[in-house]
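What follows is a short report on a single structure.
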Amino acid sequence: MSFDPETLRYNDQGLLPVVAQDEHSGDVLMLAWMNAEAVVKTLETRRVTYWSRSRSELWVKGATSGHTQELIDLRVDCDRDCLLAIVRQTGPACHTNRRNCFYTSVKTGEEVELFAPEK
């Protein structure tokens, strides 16, 4: 069965959320957005490409930082409105220089930092 990115259910801005998960640890690294062009480019190049909502342009993960994501598998959820990218992460995934973007925890009403940026 061939895959057509136009069959995905994008939001009103033409985007859908993508969860990036580390291939080895299974850790959720980040959440970002893709449009149809980013999906196609990611599948063609195997370098994960997102849509930057703040810059309104395609963004190849790691193009400036060197902290790249190589696509291992791209999975579509049951409603076709969200993707799971299984990736081989090189360097930190978060722009704060942390391994992942989920570095704080809210417990008993307090927000706690779980880990510091990598050096």
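Taken over the stretch 25-44, the residue count meeting the criterion of being free of Cβ contacts under 8 Å to residues at least 24 places away in the same chain and more than 12 Å from LEU15 (Cβ to Cβ) is 4.
This table checks each residue for (1) among the β-branched types (Val, Ile, Thr); (2) in a strand (DSSP E or B); (3) free of Cβ contacts under 8 Å to residues at least 60 places away in the same chain; (4) within 18 Å of MET34 (Cβ to Cβ).
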{"residue": "ARG75", "(1), (2), (3), (4)": "no, yes, yes, yes"}
{"residue": "LEU84", "(1), (2), (3), (4)": "no, yes, no, yes"}
{"residue": "ALA93", "(1), (2), (3), (4)": "no, no, no, yes"}
{"residue": "CYS101", "(1), (2), (3), (4)": "no, no, no, yes"}
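Residues of the stretch 14-32 include at least one that is in contact with a Ser or Thr (Cβ under 9 Å, 6 or more places away or on another chain) and within 20 Å of ASN97 (Cβ to Cβ).
When the residues of the stretch 56-66 are filtered to those that are touching a strand residue (DSSP E or B) at 6+ places or on another chain (Cβ under 9 Å) and either part of a strand (DSSP E or B) or of a type in the set (Val, Ile, Thr) (or both), the one that is surrounded by the fewest Cβ atoms within 10 Å (Cβ to Cβ) is GLU57.
When the stretch 20-41 is filtered for residues that are surrounded by fewer than 17 Cβ atoms within 10 Å (Cβ to Cβ) and assigned to a strand (DSSP E or B), the ones remaining, listed by number, are VAL28, LEU31. Return yes when ARG53 is touching a strand residue (DSSP E or B) at 6+ places or on another chain (Cβ under 8 Å) and touching a residue at least 24 places away in the same chain (Cβ under 8 Å) and no when it is not. For ARG53, the condition - touching a strand residue (DSSP E or B) at 6+ places or on another chain (Cβ under 8 Å) and touching a residue at least 24 places away in the same chain (Cβ under 8 Å) - is met.
Here, each number is a calculation from the coordinates, and none is a lab measurement. All of these numbers come straight from a predicted model, not from anything done at the bench. Neighbour counts are summed over all protein chains in view; Cβ atoms, including those assigned to glycine, are modelled from backbone coordinates with ideal geometry.
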